[in-house]
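S.K.: Have a look at this one before I ask anything.
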Amino acid sequence: MIENVGFNILKQAVIYLPDDVKQALKKAHETETSETGKTQLKAILDNIELAEKFRAPVCQDTGTIIFYVKAGAEAKDLARIEAALITAVKKATKEVPLRPNAVDPFTQKNSGDNTGRNIPHLNWEIVPGNDIELTVMTKGGGSENVCLGGMIVPGEGVNGLKKFVIDAVIKAGAQPCPPNILGVAVGGGADISMKLAKKALLRPLTEHNSNPELAKLENDILEAANMTGIGPMGLGGRTTVLGVHLDYAFRHPASFPAAVAFNCWAARRSTAKIHPDGSVDYMTHTLEW
Ligand code: SF4
């Protein structure tokens, strides 16, 4: 069961971008004022359409495969989830097929099946109940290469955070295959802020931050990022970032950790919920292939 659902959401994610991402790209294409930027967005939209038509991955870069597991405390078979998801990844690599992207950092050997030590990576959350919710994100390498963690001077506060993010966007330029989605997080510690920033990428672009002040900050960062002129694929234009998603943890008085996680236009994610009776809700995609 877990293996099948893991396979299905992975296959869905790599072929069909979520509706919110497609809608944001379509809107960007309508409003982009740079001719080159418009052409790039049209190429991206054509690419998305062709991937769906031919049921082929939307990008050749499989990315790194990450799962987020919300496990009901009363759910059965939790101990089997990791092995089942590894099997699902191996099967998807063969059958979709997916480019093998998991390389041993010391020997440089590619495992050939997108698995290896700590990959696919599983993030666990224990929640009340007996359902198991699985989300997969296939995180592109180009956008991963510019993710940034750092420490802001605590006294600089929100202004320091804005500068940190916009500097990261300018430095990243074309590398993360813009237009991008930015996950931004502060607080906790260096590891916690980066983990929260990456997880924030799962929030749909249509969902605003539930805290109005943070929603405004997200919008301020979005507008500033889109004034850089980097544009689609870094070739100029007003569409550099499609959305900014903020999260935070409380911080140590002397530390202000900050992180920005970039996602590329191929912002692939898919979620399904498995109920105790074996029924499955595919929450972001329909199962129609
Ligand atoms: S960063 Fe994203 S769009 Fe660019 S090559 Fe990798 S997966 Fe594809």
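S.K.: If a residue has to be open to solvent by 20 Å² or more (accessible area, probe 1.4 Å), out of contact with any Leu (no Cβ under 8 Å at 6 or more places or on another chain) and either within 17 Å of ALA266 (Cα to Cα) or in a loop (DSSP other than H, G, I, E, B) (or both) to count, how many in the stretch 53-104 make the cut?
M.R.: Of the residues in that region, 16 qualify.
S.K.: Further question: Name the residues in the stretch 94-127 that are touching a strand residue (DSSP E or B) at 6+ places or on another chain (Cβ under 7 Å) and closer than 21 Å to ALA79 by Cβ, would you?
M.R.: Selection gives ILE119, PRO120, HIS121, LEU122, ASN123, TRP124, GLU125, ILE126, VAL127.
S.K.: Under 8 Å between Cβ atoms, at least 6 apart or on separate chains: pull out the pairs that start in the stretch 244-270 with a residue that is within 12 Å of the ligand (Cβ to nearest atom) and end on any residue that is open to solvent by 10 Å² or more (accessible area, probe 1.4 Å) and of a type outside the set (A, V, I, L, M, F, W, C).
M.R.: Going by the 8 Å Cβ cut-off, the qualifying pairs are PHE262/GLU144; CYS264/GLY142; ALA266/ASP61.
S.K.: I'm checking my understanding of the structure. Among residues of the stretch 148-159 that are open to solvent by less than 30 Å² (accessible area, probe 1.4 Å) and either in contact with a helix residue (DSSP H, G or I) (Cβ under 9 Å, 6 or more places away or on another chain) or within 16 Å of the ligand (Cβ to nearest atom) (or both), which one is farthest from VAL260 (Cα to Cα)? Break it down stepwise before answering.
M.R.: Here is the first cut: in the stretch 148-159, the residues open to solvent by less than 30 Å² (accessible area, probe 1.4 Å) are 150, 152, 157.
From the residues that got through so far, the ones that are either in contact with a helix residue (DSSP H, G or I) (Cβ under 9 Å, 6 or more places away or on another chain) or within 16 Å of the ligand (Cβ to nearest atom) (or both) too are 150, 152.
On the way: GLY150: 9, ILE152: 12 Å.
Among them, the one singled out is ILE152.
This table checks each residue for (1) away from the ligand (no atom under 16 Å from the Cβ); (2) farther than 26 Å from ALA102 by Cβ; (3) of a type outside the set (A, V, I, L, M).
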site: THR33; (1), (2), (3): yes, yes, yes
site: THR39; (1), (2), (3): yes, yes, yes
site: LEU50; (1), (2), (3): no, yes, no
site: ARG55; (1), (2), (3): yes, no, yes
site: ASP61; (1), (2), (3): no, no, yes
site: ILE66; (1), (2), (3): no, no, no
site: LEU78; (1), (2), (3): yes, no, no
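S.K.: Against the condition surrounded by fewer than 21 Cβ atoms within 10 Å (Cβ to Cβ) and either under 20 Å from the mean Cα position of the chain (by Cα) or modelled with pLDDT of 95 or more (or both), how does ASN8 come out, does it pass? Quick ask: steps written out before the conclusion?
M.R.: Details: surrounded by fewer than 21 Cβ atoms within 10 Å (Cβ to Cβ): no; either under 20 Å from the mean Cα position of the chain (by Cα) or modelled with pLDDT of 95 or more (or both): yes.
Against the criterion (surrounded by fewer than 21 Cβ atoms within 10 Å (Cβ to Cβ) and either under 20 Å from the mean Cα position of the chain (by Cα) or modelled with pLDDT of 95 or more (or both)), ASN8 does not qualify.
Results for (1) out of contact with any Cys (no Cβ under 6 Å at 6 or more places or on another chain); (2) within 16 Å of the ligand (Cβ to nearest atom); (3) open to solvent by less than 20 Å² (accessible area, probe 1.4 Å), shown as yes or no for each residue.
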position	(1), (2), (3)
LYS139	yes, yes, yes
LEU161	yes, no, yes
CYS177	no, yes, no
GLY187	yes, no, yes
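S.K.: How about the stretch 219-232: which of its residues are over 16 Å from ALA168 (Cα atoms) and crowded, with 17+ Cβ neighbours inside 10 Å?
M.R.: Residues of the stretch 219-232 that are over 16 Å from ALA168 (Cα atoms), as a first pass: 219, 232.
Result: PRO232, single match.
S.K.: Moving to a separate point now. Cβ-Cβ distance below 8 Å, separation of 6 or more or different chains: which pairs start in the stretch 142-153 with a residue that is assigned to a helix (DSSP H, G or I) and end on one that is within 15 Å of the ligand (Cβ to nearest atom) and of a type in the set (A, V, I, L, M, F, W, C)?
M.R.: These pairs meet every condition: GLY142/CYS177; GLY142/CYS264; SER143/CYS177; SER143/PHE262; SER143/CYS264; GLU144/PHE262.
S.K.: If I filter the stretch 11-24 down to residues being within 14 Å of the ligand (Cβ to nearest atom) and surrounded by 22 or more Cβ atoms within 10 Å (Cβ to Cβ), which single residue comes out as nearest to PRO178 (Cα to Cα)?
M.R.: Looking at the filtered set, the residue picked out is VAL21.
The values are calculated or read from the model by the stated rules, or taken from the named source; none is laboratory data. For clarity, every value in this text was computed on a predicted model and none was experimentally measured. Note: ideal-geometry Cβ built from the backbone for every residue, glycine included; neighbour counts use all protein chains shown. Accessible surface areas use protein heavy atoms only, side chains included; no ligands, DNA or RNA. Shrake-Rupley method; radii C 1.70, N 1.55, O 1.52, S 1.80 Å.
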